[in-house]
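The next block holds one structure in the form of structure tokens; read it before the comments.
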Amino acid sequence: MKDKIEQLFEGLDNQFDIEVPNLGHQQRFIDKLNKTESKVASRKTNYWKPLLAVAASVVLILSITLNLKPTITQNDLASISPELAETQNFFSSTIAFELKKLNKNKSPETEKLVNDALKRLDQLEKEYKTLKLNLIESGEDQRVIYAMITNFQNRIDVLQSTLLQIEALKTLKQNNYETTI
């Protein structure tokens, strides 16, 4: 291996640059190197500075927006106590069950009754939403809680009375059919 390296250097013997550089060469070289480094560094910072400014602005706007946005907690019966949460779940499931029964009994003859019941349920739902706001403002006042429970009961009453009217209509229709035969 040593022989190969020696042969390489012998072959390149007169081809090396052996001239002495001019006076101040080292300082000029360092100055040129510093200029190119500063240009490269300034280019990088020039690209990143506007992007960083935009990103910082977006973060600032988002943090201000999220901190200023009022956190509205949905106060309903479930948020007051576990017992009232059970009550709300019971009423909600009963209303959903009765509503399914009502929709199953919907027919051309009962369509007007069902639509009237659904309108009344929408009114009661709007009242319930205002009661939820009142609950937040009043600080869990017992009167508001009782009004919310009464609202649930009224919804169930509307559904049950509509179902009874539908059943009465069906029986009347069946009795009229039997008497005509």
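A few remarks follow.
- In range of the label at N134: residues from the stretch 143-163 whose backbone nitrogen is under 20 Å from the point 7 Å along Cα→Cβ: 143-158
- Degrees separating the helix 82-104 axis from the principal Cα axis of the chain, which is the longest one: 70 degrees
- Residue-normalised accessible area of the chain, expressed per residue, 1.4 Å probe, Å²: 81 Å²
- Extent along principal axes [Cα atoms of the stretch 109-181; Å; largest to smallest]: 64, 18, 7
- GNM remark for the chain: springs join alpha carbons under 10 Å apart, and the peak mean-square fluctuation among Q160, Q142, Q26 falls on Q26.
- By accessible area, using a 1.4 Å probe on protein heavy atoms only, the stretch 60-181 has 57% of its surface on carbon and sulfur.
- Three-way shape call for the chain based on the alpha-carbon gyration tensor, with the a/c threshold at 1.5: prolate
- Comparing Cα centroids, the stretch 1-36 and the stretch 142-172 end up 101 angstrom apart.
- Candidate cross-link partners of K35 among the lysines, defined by an alpha-carbon separation under 16 Å and a same-chain spacing of 8 or more, comprise K44.
The values are calculated or read from the model by the stated rules, or taken from the named source; none is laboratory data. These figures come from a predicted structure and were not determined experimentally. Quick reminder, even Gly has a Cβ in these numbers, built from the backbone with ideal geometry, and neighbours come from all protein chains shown. To get the accessible areas, we keep the full protein, side chains included, count just its heavy atoms, and leave off ligands, DNA and RNA. Shrake-Rupley method; radii C 1.70, N 1.55, O 1.52, S 1.80 Å.
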